[in-house]
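A.B. asks: One structure, pasted below without further comment.
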Amino acid sequence: MPTQAPNVLWICTDQQRFDTLGCYGNPFVHTPNIDRLAERGVLFENSFSQSPVCTPSRASFLTGRYPRTTRCRQNGQDIPKDEVFVTRLLKEGAGYINGLSGKLHTSTCNPSVNKGTERRIDDGYDEFHWSHHPRPEWPTNEYGNWLIERGVKYDVRPSERSKQVSIGMPVEYHQTTWCAEKAINFIRANADYDYPWLFSVNIFDPHHPFDPPAEYLERYLERLDEIPLPNYVEGELANKPLFQQIDHGQSYNTPHLHAFTEMSEDEHRYVRAAYWAMIDLIDAQVGRMLDALEETGQLENTIVIFMSDHGEMLGDHGIYLKGPYFYEPAIKVPLIVSMPGTVLQGQRSTALVELVDIAPTLLEAAGLPRYPGMQGRSLWPMLTGEAPLDQHRDDIYCEYYNAMPWHRDPTAQATMVRTERYKLVAVHGVGGELYDLERDPNETHNQWDNPDYAPVKLELFSRLCDRMAYTVDPLPERRAAW
């Protein structure tokens, strides 16, 4: 173990589901660099977000606390000022210099509300290259200003083939490329100093709109007919919550926006191709960042994390984008951690892990005490071979408390618990879902009302009740016995 606290290159994509990388078994994508990262580290096969929506998830994994605990459970909310990010703890406790490129999204990011950079708390970032999304809707969007400096206009044009896909910026002017460039500059600038650093690369892709560079999309068009259609069985939504039936006809309560019922098979495949093409570009930029670590001699003292904040339905179960649902594509995300010489290499973990576990992991890796407000469980013993790779949690907990404004009658209040075999979703005041993942891994058949599953349902409700109780804030700490 190095005597100095390790550097951290923390790469977080936006809305990337777990089955989108070669190392996770996808035979279509071209992801040699992320696959190489997995060969150098530990790949978690069962990693889950604590919310299927951006802001609650990001607030959760940056603090090591559950969305309800952070009081940041909705998109469009501002995280309270007294929440403590792990980046701040690393800075104050171990002298880290921290930087960020791309989005943060722990406060409101709406150009009709905030005309400048999103509101920040004391987050610990010394360099803050903010670009919530690529569209030039803020004068403080640093990516947009980077384009202006180069005399380049942001230009994303509709595809002639389908209104569901757009043709994005060229590779050299893409926001993903810009995010990586900022990280590379930071890596090189901090190579010869005797303090540790952390850099958050918060890439907007593969978040919709689905708009990869033309050359990345092109390679998929020759194989378009081979791309599988979404996992959807006609009629499967009939006994599932109303929210899903609404979103089957239109995403985000917006007519014609990725409306599954209006799309042809060719369009479904085309969207999937565009989504994968965006991930291929991410992989190329990950390769550039890994090369910079190697070239500056920092690879062996840098923890590299690759993950996403939540998933994307991509037409599965007849739904696109995200919302109040907890299917595997919505909440199961890639998570790879590497640090040659310290973290195990070429290993795969089948354990159930949560993104809330990352913050305490980083504290332990840096030799810092656990922050008393954290609720996650450190993965560091697993990563270093001091604990088994196949056991971490007995179940996964996830929340959706009116996290987006589209569903109003009633508002969507839902929680989920998932064990190795079963998943229960309680849509509070409405009903719910129950899946036997062993017999029905595609989550097609809702067993909520099946009397044969009544004992399972009761046991899962007990688990869910316990997990909800354990989200109570550990703060403020008890100071005495009375």
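A.B. asks: Could you say which residue among Met404, Met416, Met382 is aliphatic (A, V, I, L, M) and surrounded by fewer than 23 Cβ atoms within 10 Å (Cβ to Cβ)? So that I can check it myself, show each step before the final result.
C.D. replies: Values: Met416 fails: surrounded by fewer than 23 Cβ atoms within 10 Å (Cβ to Cβ); Met382 fails: surrounded by fewer than 23 Cβ atoms within 10 Å (Cβ to Cβ).
Unique residue meeting the criteria: Met404.
A.B. asks: Taking into account only those residues within region 283-294 that are in contact (Cβ under 8 Å) with a residue 24 or more places away in the chain and either touching a strand residue (DSSP E or B) at 6+ places or on another chain (Cβ under 6 Å) or not aliphatic (A, V, I, L, M) (or both), which is nearest to Met169 (Cα to Cα)?
C.D. replies: The initial filter retains those residues of region 283-294 that are in contact (Cβ under 8 Å) with a residue 24 or more places away in the chain, namely 283-290, 292-293.
From what is left, the residues that are either touching a strand residue (DSSP E or B) at 6+ places or on another chain (Cβ under 6 Å) or not aliphatic (A, V, I, L, M) (or both) are 283, 285, 287-288, 293.
On the way: Asp283: 17, Gln285: 15, Gly287: 20, Arg288: 19, Leu293: 27 Å.
Taking the candidates together, the pick is Gln285.
A.B. asks: Kindly check whether there is at least one residue in region 152-166 that is among the β-branched types (Val, Ile, Thr), over 30 Å from Arg65 (Cβ atoms), modelled with pLDDT of 95 or more and crowded, with 21+ Cβ neighbours inside 10 Å. Steps first, answer last, please.
C.D. replies: Our first condition is that a residue be among the β-branched types (Val, Ile, Thr); within region 152-166, this holds for 152, 156, 165.
Retained after the next criterion (residues that are over 30 Å from Arg65 (Cβ atoms)): 152, 156, 165.
Now narrow it down to the ones that are modelled with pLDDT of 95 or more: 152, 156, 165.
If we keep only those that are crowded, with 21+ Cβ neighbours inside 10 Å too, we end up with 165.
So far as region 152-166 goes, yes, one or more of its residues are among the β-branched types (Val, Ile, Thr), over 30 Å from Arg65 (Cβ atoms), modelled with pLDDT of 95 or more and crowded, with 21+ Cβ neighbours inside 10 Å.
A.B. asks: What are the pairs with Cβ atoms under 6 angstrom where one residue, in region 442-453, is on the phi < 0 side of the Ramachandran plot and the other, located anywhere, is of a type in the set (S, T, N, Q)? Sequence gap at least six, or different chains.
C.D. replies: Taking only residues 6 or more apart or on different chains, the pairs are Asn442/Asn231; Asn446/Asn239; Tyr453/Gln447.
A.B. asks: Could you grab me the full set of residues in region 4-51 that are assigned to a strand (DSSP E or B), touching a Leu at 6+ places or on another chain (Cβ under 8 Å), over 23 Å from Gln391 (Cβ atoms) and not aromatic (Phe, Trp, Tyr)? Steps first, answer last, please.
C.D. replies: We begin by selecting, within region 4-51, every residue assigned to a strand (DSSP E or B); these are 7-13, 41-48.
So of that shortlist, the ones also touching a Leu at 6+ places or on another chain (Cβ under 8 Å) come out as 7-10, 41-44, 46-48.
Those still in the list that are over 23 Å from Gln391 (Cβ atoms) too: 7-10.
Within region 4-51, Asn7, Val8, Leu9 meet the criteria.
A.B. asks: Right, another one. Among Asp283, Asp247, Asp316, which is within 19 Å of the chain's Cα centre (by Cα) and closer than 24 Å to Glu433 by Cβ? Working first, answer last.
C.D. replies: Values: Asp283 fails: closer than 24 Å to Glu433 by Cβ; Asp247 fails: within 19 Å of the chain's Cα centre (by Cα).
Of the residues listed, the single one that is within 19 Å of the chain's Cα centre (by Cα) and closer than 24 Å to Glu433 by Cβ is Asp316.
A.B. asks: From the set of residues in region 450-476 that are among the aliphatic types (A, V, I, L, M) and over 18 Å from Lys423 (Cα atoms), which is surrounded by the most Cβ atoms within 10 Å (Cβ to Cβ)? Can you show your working first?
C.D. replies: Of the residues in region 450-476, the ones among the aliphatic types (A, V, I, L, M) are 454, 456, 458, 460, 464, 468-469, 472, 475.
Still in the running and over 18 Å from Lys423 (Cα atoms): 469, 472, 475.
Values: Ala469: 8, Val472: 11, Leu475: 13.
Per the stated criteria, the residue is Leu475.
A.B. asks: Among (1) surrounded by 23 or more Cβ atoms within 10 Å (Cβ to Cβ); (2) touching a strand residue (DSSP E or B) at 6+ places or on another chain (Cβ under 9 Å); (3) touching a residue at least 60 places away in the same chain (Cβ under 8 Å), there is one condition Ala359 misses while meeting the rest; what is its number?
C.D. replies: With (1) surrounded by 23 or more Cβ atoms within 10 Å (Cβ to Cβ); (2) touching a strand residue (DSSP E or B) at 6+ places or on another chain (Cβ under 9 Å); (3) touching a residue at least 60 places away in the same chain (Cβ under 8 Å) applied to Ala359, the lone miss is (2).
A.B. asks: Hey, among Leu217, Leu237, Leu198, which residue is hydrophobic (A, V, I, L, M, F, W, C), crowded, with 16+ Cβ neighbours inside 10 Å and touching a Phe, Trp or Tyr at 6+ places or on another chain (Cβ under 6 Å)?
C.D. replies: On the way: Leu217 fails: touching a Phe, Trp or Tyr at 6+ places or on another chain (Cβ under 6 Å); Leu237 fails: touching a Phe, Trp or Tyr at 6+ places or on another chain (Cβ under 6 Å).
Just one listed residue meets the conditions, Leu198.
A.B. asks: Can you tell me how many residues in region 18-48 are touching a strand residue (DSSP E or B) at 6+ places or on another chain (Cβ under 7 Å) and either more than 21 Å from Ala180 (Cβ to Cβ) or among the acidic types (Asp, Glu) (or both)?
C.D. replies: Going residue by residue through region 18-48, those that are touching a strand residue (DSSP E or B) at 6+ places or on another chain (Cβ under 7 Å) are 18, 23, 34, 37-38, 40-48.
After this cut, where a residue has to be either more than 21 Å from Ala180 (Cβ to Cβ) or among the acidic types (Asp, Glu) (or both) as well, the list is 18, 42-48.
The qualifying residues number 8.
A.B. asks: Suppose we filter Gln391, Gln375, Gln447 for residues that are more than 21 Å from Glu236 (Cα to Cα) and surrounded by 17 or more Cβ atoms within 10 Å (Cβ to Cβ); which single one remains? Step through it out loud before you land on a result.
C.D. replies: Values: Gln391 fails: surrounded by 17 or more Cβ atoms within 10 Å (Cβ to Cβ); Gln447 fails: more than 21 Å from Glu236 (Cα to Cα).
Just one listed residue meets the conditions, Gln375.
A.B. asks: Name the one entry in Arg73, Arg88 that is closer than 30 Å to Ala191 by Cα and either more than 18 Å from the chain's Cα centre (by Cα) or crowded, with 18+ Cβ neighbours inside 10 Å (or both). Before you say what the answer is, go through the steps one by one.
C.D. replies: Numbers: Arg73 fails: closer than 30 Å to Ala191 by Cα.
Within the list Arg73, Arg88, the selection yields Arg88.
A.B. asks: Additional query: Might you let me know whether region 259-271 holds any residue that is surrounded by fewer than 23 Cβ atoms within 10 Å (Cβ to Cβ), closer than 19 Å to Val201 by Cα and not charged (D, E, K, R)?
C.D. replies: No: region 259-271 contains no residue that is surrounded by fewer than 23 Cβ atoms within 10 Å (Cβ to Cβ), closer than 19 Å to Val201 by Cα and not charged (D, E, K, R).
A.B. asks: Hey, another quick one. Only one of Leu335, Leu352, Leu290 is among the hydrophobic types (A, V, I, L, M, F, W, C), touching a Lys or Arg at 6+ places or on another chain (Cβ under 6 Å) and on the phi < 0 side of the Ramachandran plot; which?
C.D. replies: On the way: Leu335 fails: touching a Lys or Arg at 6+ places or on another chain (Cβ under 6 Å); Leu290 fails: touching a Lys or Arg at 6+ places or on another chain (Cβ under 6 Å).
Of the residues listed, the single one that is among the hydrophobic types (A, V, I, L, M, F, W, C), touching a Lys or Arg at 6+ places or on another chain (Cβ under 6 Å) and on the phi < 0 side of the Ramachandran plot is Leu352.
A.B. asks: Name the single residue that is nearest to Thr177 (Cα to Cα) among those in region 196-240 being under 25 Å from the mean Cα position of the chain (by Cα) and among the acidic types (Asp, Glu).
C.D. replies: Per the criteria, the residue is Asp205.
A.B. asks: Just give me the residues in region 92-121 being surrounded by fewer than 21 Cβ atoms within 10 Å (Cβ to Cβ), under 20 Å from Leu9 (Cα atoms) and not small (Gly, Ala, Ser), in sequence order.
C.D. replies: Passing the criteria: Glu92, Ile97.
A.B. asks: Shifting gears a bit: Based on what the data block shows, is Ser162 over 21 Å from the mean Cα position of the chain (by Cα), over 26 Å from Ile279 (Cβ atoms) and assigned to a loop (DSSP other than H, G, I, E, B)?
C.D. replies: Values: over 21 Å from the mean Cα position of the chain (by Cα): yes; over 26 Å from Ile279 (Cβ atoms): no; assigned to a loop (DSSP other than H, G, I, E, B): yes.
Here the answer is no, as Ser162 does not meet what is asked.
The values are calculated or read from the model by the stated rules, or taken from the named source; none is laboratory data. All values derive from a computational prediction rather than experimental measurement. When we count neighbours, we look across all protein chains shown, and the Cβ atoms used for this are built from the backbone with ideal geometry, even at glycine.
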